[in-house]
Amino acid sequence: MAPLVFVTGGARSGKSTFARRRCEEHGAPLLYVATATIEDDEMACRVERHRQERGDAWRTLEEPLELARRLPPAVGDARAVLIDCLTLWLSNQFFACREQAPPVLARTEELLEVLLALPVPVYLVSNEVGSGIVPDNRLARLFRDLAGEVNQMFAARAHQAWLLASGLPLRLK
Amino acid sequence: MAPLVFVTGGARSGKSTFARRRCEEHGAPLLYVATATIEDDEMACRVERHRQERGDAWRTLEEPLELARRLPPAVGDARAVLIDCLTLWLSNQFFACREQAPPVLARTEELLEVLLALPVPVYLVSNEVGSGIVPDNRLARLFRDLAGEVNQMFAARAHQAWLLASGLPLRLK
Amino acid sequence: MAPLVFVTGGARSGKSTFARRRCEEHGAPLLYVATATIEDDEMACRVERHRQERGDAWRTLEEPLELARRLPPAVGDARAVLIDCLTLWLSNQFFACREQAPPVLARTEELLEVLLALPVPVYLVSNEVGSGIVPDNRLARLFRDLAGEVNQMFAARAHQAWLLASGLPLRLK
């Protein structure tokens, strides 16, 4: 069974860079899975800059929602997969499911099984969103709880788990 | 002296589950201390579901404020106590004391001494609330500072301290 | 080369106390660098109380912005320097630079080089601000990203890095 490596941390804590470097140790070709949706020019510039930084070893799959269906056929000859990030995918599902937790959790379990069945190592970047003050906003509280539960689900089944802080890794598992 | 075990982490980081499992290693009967106030049906359902998940080994004490007074006589034959959670209790005190830090800190010190004097192991769940952006709201900033200070007070006197992230424990002490 | 020690954590996580104690191991005299601006009486009281807590071993330099220029001549015979804190300095720069990231990052790089060239150990306190829910406010998101990037820059070059939680240290590096 190919390993699932879970990498979490706060905003700009160095999660993606850490996961990318680990992934690159498997050698080319590699598959980068972007879950962000591009909504403005600033975002488009940032995505393009990141693509150039990754370089020729990487192919890119952009998919905000249908990872469970689109990821397996996209692996091809890739030696490892980097998914960046789970929390954005979850946020996309949360809005697509009209902020209802049960269908989002069902899709999350489906994705987890798909990732565990992939024949190559998967590096999964996620976000810590639950260590600030309780949000005033009910939807923000719902999403925060959901993101925490989903992080637990993936970290429990992952073969390795890391917490990043200020760009430096702490091994959770 | 029976140990005080401090367990902290963000929202839905797996703190309560970790603390409950540790507590259950002491064998039945066990005492669960809930500090939440039940304000709506959704909350009532969640509390009831948690009670069923805990099972027959557990008795429950529900007390939002008067822990220092009500906890010692409630221990009885319990082999260990789980308090879930300190931050909700602190929030209840904060509003009961009209958002004044000094009386809240006095009650916190009183509670700490009571917990340290209990004849059985105490597992105390708390929350990290200070790792987000500085809140706009003055009361939220006050509470955030208070919660951080109180976490330091308890962790300093605890015999063990753990930080949970994505359901996985890091040993602080 | 004198060491740079990076100390981060959430609000009231015990960062400053940890850094101060470490700094005091170098013996007197010591230099405390405050980056906060005093905007009201409450703040003035708090600053004065902290000054008294630090005691006679410490001299104080108050400088919200011009650290790179004012710090080197202020070191004098100090055996070590404590800067409290980088995130407030960054926030001051962020507003002085009209919320534009590039000039702030240029000043940050300048400060990092100045700190690494100081002839005495430097203890640098910073803040984790990126582990809460994504802020609604655009400026708050910008600052949160900037603070995360800057923490990575300093932690990458530091000789030691620590993450504080509930007053207890985790070694990052």
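The values are calculated or read from the model by the stated rules, or taken from the named source; none is laboratory data. Fair warning: this is a prediction, and the values are worked out from it, not measured in the lab. FYI the Cβ positions are ideal-geometry reconstructions off the backbone, even for glycines, and counts take in every protein chain you see. Surface areas here come from the heavy atoms of the whole protein model, side chains and all, with no ligands, DNA or RNA. Shrake-Rupley method; radii C 1.70, N 1.55, O 1.52, S 1.80 Å.
A count restricted to region A:62-76 and to residues that are outside any strand (DSSP E or B), in contact with a helix residue (DSSP H, G or I) (Cβ under 9 Å, 6 or more places away or on another chain) and in contact (Cβ under 8 Å) with a residue 24 or more places away in the chain stands at 7. Filtering region C:113-143 to residues that are within 13 Å of another protein chain (Cβ to nearest Cβ), touching a residue at least 24 places away in the same chain (Cβ under 8 Å) and of a type outside the set (Gly, Ala, Ser) leaves C:124, C:125, C:127, C:128, C:129, C:139, C:142, C:143. Selection of first residues in region A:27-44 that are under 27 Å from residue C:101 (Cβ atoms) and of second residues that are modelled with pLDDT of 95 or more and not in a strand (DSSP E or B), restricted to Cβ pairs under 6 Å at least 6 apart or on distinct chains, gives the following pairs, ordered by first then second residue: A:35/A:64; A:35/A:88; A:35/A:89; A:36/A:88; A:37/A:64.
Quick check: is even one residue across region B:68-80 within 30 Å of residue C:145 (Cα to Cα), acidic (Asp, Glu) and open to solvent by 30 Å² or more (accessible area, probe 1.4 Å)? No; the residues of region B:68-80 include none that is within 30 Å of residue C:145 (Cα to Cα), acidic (Asp, Glu) and open to solvent by 30 Å² or more (accessible area, probe 1.4 Å).
Taking every residue in region C:152-165 that is within 7 Å of another protein chain (Cβ to nearest Cβ) and open to solvent by 30 Å² or more (accessible area, probe 1.4 Å) and pairing it with any residue that is part of a helix (DSSP H, G or I) and at pLDDT 95 or above, at least 6 positions away or on another chain, the pairs with Cβ-Cβ distances below 9 Å are C:152/A:17. In the condition set (1) more than 9 Å from chain A (Cβ to nearest Cβ); (2) without any contact (Cβ under 8 Å) to a residue 12 or more places away in the chain; (3) closer than 27 Å to residue A:12 by Cβ, residue B:103 is compliant with all but (3). Scanning region B:93-133 for residues that are within 28 Å of residue C:43 (Cβ to Cβ) and open to solvent by 80 Å² or more (accessible area, probe 1.4 Å) yields B:95, B:98, B:100, B:102, B:107, B:109. Scanning region A:48-84 for residues that are touching a strand residue (DSSP E or B) at 6+ places or on another chain (Cβ under 7 Å) and more than 25 Å from residue A:3 (Cβ to Cβ) gives a single hit, A:51.
On the stretch given as region B:1-44, residues that are in a loop (DSSP other than H, G, I, E, B), away from chain A (no Cβ under 14 Å) and closer than 21 Å to residue B:163 by Cβ total 3. Assess whether residue A:146 counts as being open to solvent by less than 30 Å² (accessible area, probe 1.4 Å), touching a helix residue (DSSP H, G or I) at 6+ places or on another chain (Cβ under 7 Å) and touching a residue at least 60 places away in the same chain (Cβ under 8 Å). So residue A:146 does not fit the description; no. Could we say that residue C:86 is buried (at least 23 other Cβ atoms within 10 Å of the Cβ) and among the aliphatic types (A, V, I, L, M) here? In short, yes.
Yes or no, residue by residue, for (1) more than 18 Å from residue A:12 (Cα to Cα); (2) at pLDDT below 95:
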residue	(1), (2)
A:89	no, no
A:99	yes, yes
A:121	yes, no
A:149	yes, no
A:155	yes, no
A:160	yes, no
A:166	no, no
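Applying the selection to region A:30-67, what residues are surrounded by 12 or more Cβ atoms within 10 Å (Cβ to Cβ) and either aromatic (Phe, Trp, Tyr) or more than 19 Å from the chain's Cα centre (by Cα) (or both)? Scanning region A:30-67 gives A:32, A:57, A:58.
Regarding region B:77-88, can at least one residue be identified that is in a helix (DSSP H, G or I) and within 13 Å of chain A (Cβ to nearest Cβ)?
Yes - at least one qualifying residue is present in region B:77-88.
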